[in-house]
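The next block holds one structure in the form of structure tokens; read it before the comments.
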Amino acid sequence: MEQTLSIIKPDGVSRNLVGEIIRRFEQAGLRVAAVRKLHLSAREAGDFYDVHRQRPFFGDLVSFMTSGPVVAMVLEGPGAIAKNRDLMGATNPKDAAKGTIRGDFSESIDANTVHGSDGPQTAAQEIAFFFARREIM
Ligand code: GDP
């Protein structure tokens, strides 16, 4: 059993895709172990994406992630990290396969609808960023 962090980004929330995206997770055998809607501050978004702080797109990334509310959740299931990444599709929607969340819904590399942890260590860090232990069922 594995846990991963998923975020439905502002474009997914504002286009009312929360239910459709969670349906895809559940249909693939993932379980929502924790969920919360929140509006990130610039400091929070910057800290979450700290690894990208020196990249040229960092400012755009923070400004997009703070442009509206997001839905953060912990997904749980066998191979949850890789399964979530498969369901998401490639980072750039131009490269994302049809049938993936980004391939079906995303408009640009900034507005790419979902975030998912990329490994066990980042999953643990990212889950702790959003949720206390007692909030994860
Ligand atoms: P992810 O794990 O697939 O979300 O990709 P990364 O962790 O590499 O990047 C985090 C987020 O930064 C991505 O989801 C994109 O929204 C954004 N991003 C990554 N690379 C680029 C880029 O080259 N240009 C722009 N504008 N945004 C990028």
Protein accessible area in the chain, 1.4 Å probe - carbon and sulfur %: 51 percent
For the chain, built as a Gaussian network whose Cα springs stay under 10 Å, the top-fluctuating residue of A42, A80, A123: A42
Environment charge at A111 (Cβ cut-off 11 Å; Lys +1, Arg +1, Asp -1, Glu -1): -1
Only helices counted: for the chain, with every DSSP H run of 4 or more residues adding -39500 (n - 2.57) and the sum spread over all residues, [θ] at 222 nm is -10500 deg cm²/dmol
Listed residues L30, V18, S6: farthest to the positive end of the dipole of the range 1-48 (Cβ charges): V18
In the range 1-100, what is the volume of the convex hull around the alpha carbon atoms, normalised per residue and reported in Å³? 109 Å³
Kindly report the accessible area of the range 36-136 per residue (heavy atoms of protein chains, probe 1.4 Å, no ligands, DNA or RNA), in Å². 54 Å²
Simple Cβ-charge dipole of the chain, Lys/Arg +1 and Asp/Glu -1, about Cα centre, in debye nearest 20: 200 debye
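The values are calculated or read from the model by the stated rules, or taken from the named source; none is laboratory data. Fair warning: this is a prediction, and the values are worked out from it, not measured in the lab. Using ideal geometry, Cβ is built from the backbone for each residue, glycine included, and neighbour counts are taken over all protein chains shown. When the accessible area is computed, the model is the full protein with side chains, heavy atoms only, and any ligands, DNA or RNA have been set aside. Shrake-Rupley method; radii C 1.70, N 1.55, O 1.52, S 1.80 Å.
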